[in-house]
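Okay, structure first, notes after.
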Amino acid sequence: MAYSSCECELSIPQTLDDGRQRVEVFVEGYEDVAFWRGIFDHFDNPYLRFEISVPNREDLPKGKKVLMSMLGRSSERMLLCVDSDFDYLFGDDTPQSKLICDAEYMFHTYTYATENYLCYAPSLHNVCVKATKNDSHIFDFESFMAEYSRTIYPIFAWYAYSARLSTENVFTLNDFKNCVRLGYLDIANNGYDTLAWLARNVGRRLQRLEEEHPDMVQGVEDFKRHLSLKGVTPDSTYLYMHGHTLMDNVVMILLTTVCDRLRQMSVHKINSSKKQGLSLKNEMSNYMNSLRSIRDVLLDNENYTSCPLYKKLKADIQRYLDSTIASLIARKGKSRD
């Protein structure tokens, strides 16, 4: 193994200056540290302090692979946090998914990845407000993402089913990305024309799959029923799709188009005011200086706590917390006796 055992154990004092016990939380990569820090901030307590980090490794294998190799040494003092990918959906169907779903000290996102939480549809208007300082409602993200999800659901089922069978060559990740990505957003009619364009692309790819692999058609239909038991509905598909594709090729397209329009509206409002000369220049300068990068705001987004899948993750961590704190209190009681 590329890292030494001391790097995965509590090599510094377990009891901190504030009296709390230190718990190490290992995540897949540096980009995940802030996300899981935000998650564990919701569980602040006087007994445990969580410290989020990435395990040291020299050969730079995939982060999830490293954490899976650490699973046997996980404990109430060493937690592991991973993206679910398809492991939540596959459940007991594959050895890895069963290990992850049954692990006591490994927490998984339930969504495909952390990016899916950041792109939670009800939170996207707030992202626009923070980036543009304009609170006008000119686009219904929730409605669009529900319709987007319904549009890609049939092709998502094919991709997930082929991944479940380990026959990704039937429908590769690149094929899936190219099929579900948005090339543009026509903001009129809440993206109706864009969704119609997407539906045509999905329909053509779906027809090809059914013609080329007729032996898989019934299996895909059966798999859809399995997905429904896991909580996957046609209008929530985006929560379970490839996270980077969702963020980079769908949500950033939406946010960029909507934020551009909101900024234009704000600039027009300032230019249409009665202010002139230096006063107008200062007003415009103040507004432009208040703008933020859309991607930075999205990466800082923590308004996903109403997501049903987050509530599953929260319940898992709460069970761990209740059990660990009860055990800690009991041990302290015995030591006093």
> Just one of the numbered conditions (1) modelled with pLDDT of 95 or more; (2) loosely packed, with under 14 Cβ neighbours inside 10 Å; (3) touching a helix residue (DSSP H, G or I) at 6+ places or on another chain (Cβ under 8 Å) is not true of residue 234; which one?
Replying inline: (2)
>> Filter segment 106-119 down to the residues that are outside any strand (DSSP E or B) and under 15 Å from residue 312 (Cα atoms) and list them by number.
In response: 109, 110, 111, 112, 113, 114, 116, 117
> If you take the residues in segment 151-182 that are touching a residue at least 60 places away in the same chain (Cβ under 8 Å) and in a loop (DSSP other than H, G, I, E, B), which one is farthest from residue 212 (Cα to Cα)?
Replying inline: 182
> Which residue out of 316, 296, 260 is acidic (Asp, Glu) and either touching a residue at least 60 places away in the same chain (Cβ under 8 Å) or more than 28 Å from residue 186 (Cα to Cα) (or both)?
Replying inline: 316
> Within segment 207-223, how many residues turn out to be buried (at least 16 other Cβ atoms within 10 Å of the Cβ) and closer than 25 Å to residue 182 by Cβ?
Replying inline: 2
> Which members of segment 285-337 meet the condition of being modelled with pLDDT of 95 or more, open to solvent by less than 50 Å² (accessible area, probe 1.4 Å) and among the aliphatic types (A, V, I, L, M)?
Replying inline: 291, 294, 297, 298, 309, 313, 315, 317, 321
> In segment 77-95, which residues are at pLDDT below 95 and touching a helix residue (DSSP H, G or I) at 6+ places or on another chain (Cβ under 8 Å)?
Replying inline: 91, 92, 93, 94
> Is at least one residue of segment 258-267 within 22 Å of the chain's Cα centre (by Cα) and closer than 30 Å to residue 179 by Cα?
Replying inline: yes
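Go through segment 18-75 and report how many residues are of a type in the set (D, E, K, R) and part of a strand (DSSP E or B).
4
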>> Tally up the residues in segment 101-130 that are under 19 Å from residue 232 (Cα atoms), open to solvent by less than 10 Å² (accessible area, probe 1.4 Å) and of a type in the set (A, V, I, L, M), please.
In response: 2
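The values are calculated or read from the model by the stated rules, or taken from the named source; none is laboratory data. Just so it is clear, the structure is predicted and the values come from calculations on it, not from any experiment. Glycine also receives a Cβ, built like all others from the backbone with ideal geometry; neighbour counts cover every protein chain displayed. The area values use the complete protein model at the heavy-atom level, side chains included, leaving out ligands, DNA and RNA. Shrake-Rupley method; radii C 1.70, N 1.55, O 1.52, S 1.80 Å.
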